[in-house]
Every structure is written in C-alpha cells, then in structure tokens.
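Q: Could you have a look at this structure, given as structure tokens, before my questions?
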Amino acid sequence: MAFPVDEEYINDAEQQLGLKFPVTFRDKLKIENGGEVETADDVWIIYPVFDKTDIKRIKRTTNNIILETNESRGWGNFPPGGVAIGGNGSGDRLILLPKDKDSTQLSDKIYFWSHETGEVSEIAKDINELSD
C-alpha cells in the first residue's frame, strides 16, 4: 500500500536528480508515493521518493526513484537524463525524459525503456493515463 508523501521529500528527490518532476507526477506522488499501475502489456511497480518520516516509511521507500535511476544509468543503454519511475520486475522501466526545450524539466510523457535493446517508446501522455 502506498502512502501520501510530504512535498519536501519530492523536492529532495528533484534536488538529487537535478531535474524537476512534471506537475502531474508530483501530484500523484503527494497522494500515492509509489504503488502499482497497469499497461496493456504489463503490471508496473511505481517507485516512490525516499520518505524518512518514520521507520515504516523508510522501509517502504528504500527502493526509490533515486536508487533505481542510478542503477538503470549504470546499464549503459539507459537514455541520458532519463529518470526511472517504475519497473516490471524483469529489468524494463517506465521512465520520464527531460523536455526538449528545458533539460532541467521532465516531460509529462511516460516512456517504456527496454533494458535489453535500449529502445524507448511513449506509452502515456502522463501518469494519469495509466490505470491503477
């Protein structure tokens, strides 16, 4: 079960990434920090931002966006500037990419990244298009 999260922890994650989340994604995190969504092809675990409010939340958010993004970037074919926001348990990721005209602002679009091929394809206009 995902908990809501205070905005300060979203800000912390943005600061560590050097990128700003889209408003739609921030709003979802505030209500549900993590959770699960479905696409036509898969079920995805949405990574939370690290929340150090209490022991329970620390434990539930240790596998977070920063950790998963850093791990994904180490694979070599992860897109530059990409941020891992979800995984399917098989190595593939749901990702956010920076906007073309502002490399510090992540786009609302949700992309599928294949860890095997490095291919990236858009799967949703924003996080709200994905069912949960």
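The values are calculated or read from the model by the stated rules, or taken from the named source; none is laboratory data. If you're wondering where the values come from, they're calculated on a predicted model, not measured in any experiment. When we count neighbours, we look across all protein chains shown, and the Cβ atoms used for this are built from the backbone with ideal geometry, even at glycine. What goes into the accessible areas is simple: the full protein's heavy atoms, side chains included, and nothing from ligands, DNA or RNA. Shrake-Rupley method; radii C 1.70, N 1.55, O 1.52, S 1.80 Å.
Q: Only residues that are open to solvent by less than 70 Å² (accessible area, probe 1.4 Å) and either aliphatic (A, V, I, L, M) or more than 21 Å from residue 108 (Cβ to Cβ) (or both): list them for segment 54-75, please.
A: Correct list: 54, 57, 58, 61, 65, 66, 74.
Q: Is it the case that residue 101 is among the charged types (D, E, K, R), open to solvent by 20 Å² or more (accessible area, probe 1.4 Å) and closer than 24 Å to residue 9 by Cβ?
A: Taking the combined requirement at face value, the residue does not satisfy it.
Q: Kindly indicate which of 118, 89 is at positive phi and either open to solvent by 30 Å² or more (accessible area, probe 1.4 Å) or touching a Lys or Arg at 6+ places or on another chain (Cβ under 7 Å) (or both).
A: Within the list 118, 89, the selection yields 89.
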